[in-house]
Amino acid sequence: MPLVKKVLTSRGNMAKEQERKGKQRKRREKKDNAWQERVVQIRRVSKVVKGGKKLSFRAIVVVGNEKGQVGVGVGKAGDVINAVRKAVSDGKKHLISVRLNKSASITHISTGIAGGAKVFMRPAAPGTGVIAGGAVRTVLELAGIKNILAKQQGSNNPLNNARAAIDALEHIRSFSNVAKERDIPLQQIFS
């Protein structure tokens, strides 16, 4: 009789454990659902090896939660799906936080440089929208910025432009940070 009881309790414990794992999985999926990912570019690249050319795919993906966090990732693999998956995980490793103001814009003019690309950003009034092109627009939208003016200068390479946009967003400082650095009250900055 005790053996039967033991088996029943172990089954009950297993069911509880599986239920708990299912809840953890759902919680993890909910956390991942907050992130949006957009593929900026997929390129077929080749490497010359002894036997000829080895073809693979390079994916550039922008990952963001539209709440002030965004990252750019690059992934290479033999097929497109794995390249995109690698790029998404790379983008999540290189996340930055963006400080937004009340009108869902940036606080001041900023310039970012990456390689031969230069991106200039200027805050805009509410209702302006995102005025930017290519990879820069994708980065700004996934960062949660709603009103901004941006201009790409120099290179037209999507990867460098996306990285330059990230660089420009990284250089943005909030009024409170500037007040702390200068050891002055916040009201004095606004006056």
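The values are calculated or read from the model by the stated rules, or taken from the named source; none is laboratory data. Values in this document were obtained by computation on a predicted structure and should not be read as measured data. Cβ: placed from backbone, ideal geometry, glycine included. Neighbour counts: every protein chain shown. The accessibility values were calculated without ligands, DNA or RNA, using every heavy atom of the protein model including side chains. Shrake-Rupley method; radii C 1.70, N 1.55, O 1.52, S 1.80 Å.
The residues of segment 128-148 that are in a loop (DSSP other than H, G, I, E, B) and surrounded by fewer than 16 Cβ atoms within 10 Å (Cβ to Cβ), listed by number, are Thr128, Gly129, Gly133. Look at Val45 and say whether it is open to solvent by 30 Å² or more (accessible area, probe 1.4 Å), of a type in the set (Val, Ile, Thr) and under 30 Å from Lys146 (Cα atoms). The answer is no for Val45. A single member of Ala125, Ala59 is outside any helix (DSSP H, G or I), open to solvent by less than 70 Å² (accessible area, probe 1.4 Å) and modelled with pLDDT of 95 or more, and it is Ala59. Scanning segment 149-159 for residues that are outside any loop (DSSP other than H, G, I, E, B) and surrounded by 15 or more Cβ atoms within 10 Å (Cβ to Cβ) gives Leu149, Ala150, Gln152, Gly154, Pro158, Leu159.
Just so you know, in segment 109-122 the residues that are in contact with a Ser or Thr (Cβ under 9 Å, 6 or more places away or on another chain) and under 9 Å from Asn161 (Cα atoms) include one that is most open to solvent (accessible area, probe 1.4 Å), and it is Lys118. Screening Ala150, Ala135 for residues that are closer than 16 Å to Ser110 by Cβ, in contact (Cβ under 8 Å) with a residue 24 or more places away in the chain and within 19 Å of the chain's Cα centre (by Cα) leaves exactly one candidate, Ala150. Taking (1) in a helix (DSSP H, G or I); (2) over 16 Å from Ile60 (Cβ atoms); (3) open to solvent by less than 70 Å² (accessible area, probe 1.4 Å) in turn, Ile172 satisfies each apart from (1). In segment 85-107, the condition of being open to solvent by 50 Å² or more (accessible area, probe 1.4 Å), part of a loop (DSSP other than H, G, I, E, B), of a type in the set (A, V, I, L, M) and touching a residue at least 12 places away in the same chain (Cβ under 8 Å) is met by at least one residue.
So in segment 62-84, with the set limited to residues that are farther than 15 Å from Gly144 by Cβ and in a strand (DSSP E or B), which one is most open to solvent (accessible area, probe 1.4 Å)?
Of all residues in segment 62-84, those farther than 15 Å from Gly144 by Cβ come to 72-84.
From what is left, the residues that are in a strand (DSSP E or B) are 72-77.
Working: Val72: 17, Gly73: 0, Val74: 40, Gly75: 3, Lys76: 121, Ala77: 12 Å².
Looking at residues that are farther than 15 Å from Gly144 by Cβ and in a strand (DSSP E or B), I get Lys76.
Restricting attention to segment 143-168, the residues that are farther than 12 Å from Ala114 by Cα and in contact with a Gly (Cβ under 6 Å, 6 or more places away or on another chain) add up to 2.
Among the criteria (1) over 20 Å from the mean Cα position of the chain (by Cα); (2) within 20 Å of Pro158 (Cβ to Cβ), the one Pro123 does not fulfil is (2).
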